[in-house]
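Data block below; observations after.
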Amino acid sequence: MKYARLVLSNLMRSKRRTLLTLASVAVAFFLFATLASVLTTLASVTETGSESRLATRNAIGITFDMPQSYHQRLRGTPGVREATHVSWFGGVYVDPKDFFAQFAIDPTVYFDMYPEVLVPEDQLRAFREERTAAIVGRKLMEKFGWRLDQTVTLQGTIYPGDWDFTIRGVYEAEDPSFGEETFYFHFDYLYELSSQTARHGWYILELEDPDQAGAISARIDAMFENSTAPTKTETERAFQAGFVTMWGNVGFLVRAIGTAVFFAILLIAANTMMMAARERTGEVAVLKTLGFRDGQLASFVIVEALLISLLGGLVGLLGAKLVFESADPLASFLPGFSVAMGTIGVGLAIAALLGLVAGAVPAWQSARLSVVEALRHVG
Amino acid sequence: MALVEVHDVYKTYHKDSRGVQVFAGVNLEIERGEYLALMGPSGSGKSTLLNMLAGLDKPDSGTVVVEGVDLTRLKARQLADFRANNIGFIFQFYNLLPVLTAAQNVELPLLLTSLSKSDRNERVRIALGVVGLVDRSDHFPRQLSGGEQQRVGIARAIVSDPTLILADEPTGDLDAKSADEILALLGELNKEHGKTILMVTHDAHAAETAHDTIHLDKGVFHR
C-alpha cells in the first residue's frame, strides 16, 4: 500500500492522456459488451419457443405466403392439437427508424397457444371482441408512451394506407427472449382492408405429444409436397433460428467487424500506456539509484497498466449494461437484449489481460534498464 | 579499516567495437568522516568511480569495498538493498520526481524500509529540517527554485541515514549564491552529522570547501 501513492501519482502525471487512454479502453469495452451481447442474444433467440410447438412455412422461404386453405388441413392433421396462423404486417409508426414487429393473428386461439405470454383476462376478452383491437408488448407501450384504449395509426408498407388500431391489451413475457416489443392485431381486419389480398405467413402448430414432432413434421411436409406451396415444418426453435439467419450470417459479421475494431482500439490504448512508461526512463534510473529493485519497478508499471485497463474496462462494461437497461435501442430487433454478468466477467478478464500485455514490455524494459546509461542522459 | 577501499580496479568501456580504458589498476581509500572533492577532466572516470561506489557499475577486475562489503561480489538485488541502506546519491540535475511533493520525494528511500508511516513522516520532517525546507514540504518540484530542489535532493540522500554520500556535481546547475548554500549544507552534514562525502566537481571553489581534493587524470588518482 505504501507504494500506492507512487503509482497513482504516475497515473496523474498527464491527466489528459490518462483520461483519454481510459476513455479509449472504455469505448473498446463498451463495444465488446454490445457485440458480445448481440451474439449471446442471437444464441438465446434460437432457444426461444416451445418443444411442443411446430412452425410450418413455405418451403421456398419465410417471406413467401401460404394458402389459407392449409389452415384447416393442418388443424385436422393427426397429433396436432391446435393450429394458428401468423402474418407479417410491416407497418411504420411515425418514423421508419422506430422499427418493431407487427403480426396479424387469429385472436381466438393465438394467446391460448402461448401460455408464457401473459395478458390480463379482461384485456384479452376486449381484444377478441373488437376487430380493430391490438395487444401490445409492455416495453413497446413504454417506448412510445402509449396507454390502454389509445388509438394508434400505422402506415402500411406491404399493405398501403393508414391503419388505425385501438390498444385493448398489454402483454408481458415470462421468457425475456420472447420480447415485449411486438404488436398483435386481428388477421380478419387485415384481410378485409387489404381487399382480401392478405395471406397467412406461416402456421404455428401445438402438438399433443412433443415426442412425435419429427414424425408429424415429415407427415405434413409430405402432405403438401406436390402442391403449389410445398411446406417446411420444423420446431419453433429451428424456425426462430431461421428468422435470425434470414439476416445473413449476422454472428460472423458482428464477430469479424467487432473484433477488428475492438483490437484496433486496444492496440492504441496499449501503445499509449507503453509510451507513458517509456517516457519515465530517467526516473526509473533514479529510483534504482535510490535502491528500488528491478522487480519492484517492473511491478509498478504492470499495476499502472492494470489500473487503467481494468478501470476503463469496468466503465465501458457497466456503461453498456446501464445504457441498454435504461433505454434499449436494440430491443425491437433483438428481444431480450441485455448485457449479462457473464459478459462483464469475460470483459474484465480481457481487460486484465490487456493490462498485463500493455505493461509487460515497459516493465521488462524498466527491469533491464542500465542505470549508468540512463543517468548519462538525465544527468 | 577505511570506509571505502578501491583496489587494483580495471575498467574499459566498449563503444562501437572500440575499447576505451578508464581505469588501469587504480587504488583509493576514503576514511570514515572524510569530505573529499574529486576533480578531473571530462571522461577521466569521475562518474564511473561514483557509479562503482554506489554499486551501479562494476569493474572488469579488482575489488570495490564499501563498509566492509565487496560490491563486486553482490548480485543486482543485493546491490539494490546495499544502496538503499548505505548510499545517499545527490545528482547534478536534482532528479526529483515531478509528480511528488518535496516531502514525498524525500520519503522515497524510506519506502524501502519497514518503518511505519508515522516514523517515515518524522524522518522526512527531520531531513527537510536539516536542509531548511520544512515549510516547503508540500510544494512540488516545479514550485521550487533550483537551489531548493537541490536541497530536497540532499534531504532525500540523507533521510535513510546512509554511510556514504556521493554527490555528482551538486552545484553544477546552480547560480553562485545557491551553490554556496549547497556547499555550506554539505559541509554541515560532514561536520555536524559526521557524514562521509565524496563530491565530484569541476568547480575549484567548490573543491576548496572539502577537506581534501583528489585529482583524477589518465586513470590515476593524485591527492
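Numbers below:
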item	result
Selected residue [under 30 Å from A:K15 (Cα atoms) and among the acidic types (D, E)] from B:E107, B:E34, B:E67	B:E107
Strands (runs of 3 or more DSSP E) contained entirely in region A:137-225, each with at least 1 residues that are among the basic types (K, R)	A:161-173
Residue count, region A:80-98 (criterion: free of Cβ contacts under 8 Å to residues at least 60 places away in the same chain and of a type in the set (D, E, K, R))	2
Subset of region A:277-321 [small (G, A, S) and either in contact with a Leu (Cβ under 9 Å, 6 or more places away or on another chain) or in a loop (DSSP other than H, G, I, E, B) (or both)]	A:G282, A:A285, A:G291, A:A305, A:S309, A:G312, A:G313, A:G316, A:A320
Complete set of residues in region B:40-79 that are under 17 Å from the mean Cα position of the chain (by Cα) and aliphatic (A, V, I, L, M)	B:L49, B:L50, B:M52, B:L53, B:A54, B:L56, B:V64, B:V65, B:V66, B:L71, B:L79
Qualifying positions in region A:1-50 - of a type outside the set (A, V, I, L, M), at pLDDT below 85 and within 26 Å of A:R255 (Cβ to Cβ)	A:T40, A:T41, A:S44, A:T46, A:E47, A:T48, A:G49
Candidates A:Y110, A:Y159 - the one that is hydroxyl-bearing (S, T, Y), surrounded by 17 or more Cβ atoms within 10 Å (Cβ to Cβ) and over 30 Å from A:A43 (Cβ atoms)	A:Y159
Test: residue in region A:143-151 that is surrounded by 14 or more Cβ atoms within 10 Å (Cβ to Cβ) and under 24 Å from A:Q240 (Cβ atoms)	yes
B:R120 being surrounded by 19 or more Cβ atoms within 10 Å (Cβ to Cβ) and free of Cβ contacts under 8 Å to residues at least 24 places away in the same chain	yes
Unmet criterion (only one of (1) β-branched (V, I, T); (2) within 14 Å of another protein chain (Cβ to nearest Cβ); (3) within 16 Å of A:T231 (Cβ to Cβ)) for A:T18	(3)
Some residue of region A:181-189 being within 30 Å of the chain's Cα centre (by Cα) and modelled with pLDDT under 90	yes
Pairs with Cβ under 7 Å, 6+ apart, first in region A:65-79 and under 21 Å from A:A215 (Cβ atoms), second at pLDDT below 90 and assigned to a helix (DSSP H, G or I)	A:G79/A:Q212
B:A167 being crowded, with 21+ Cβ neighbours inside 10 Å and part of a helix (DSSP H, G or I)	no
Filtered residues of region B:73-103 (kept if polar (S, T, N, Q), without any contact (Cβ under 8 Å) to a residue 60 or more places away in the chain and buried (at least 16 other Cβ atoms within 10 Å of the Cβ))	B:N95, B:T101
B:G55 vs. criteria of a type outside the set (D, E, K, R) and surrounded by 22 or more Cβ atoms within 10 Å (Cβ to Cβ)	yes
Residue satisfying all of: in region A:262-304; modelled with pLDDT under 90 and small (G, A, S); surrounded by the most Cβ atoms within 10 Å (Cβ to Cβ) among these	A:A269
Those strands (runs of 3 or more DSSP E) lying entirely in region B:32-105 with at least 3 residues closer than 30 Å to B:A204 by Cα, more than 9 Å from every other protein chain (Cβ to nearest Cβ) and basic (K, R)	none
Among the residues listed as A:A229, A:A285, A:A276, A:A270, the single one being in contact with a Pro (Cβ under 9 Å, 6 or more places away or on another chain) and under 23 Å from A:L369 (Cβ atoms)	A:A276
Failed item, numbered, when A:V371 is tested on (1) modelled with pLDDT of 85 or more; (2) buried (at least 19 other Cβ atoms within 10 Å of the Cβ)	(1)
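The values are calculated or read from the model by the stated rules, or taken from the named source; none is laboratory data. These figures come from a predicted structure and were not determined experimentally. Glycine gets a Cβ as well: all are built from the backbone with ideal geometry, and neighbour counts include every protein chain shown.
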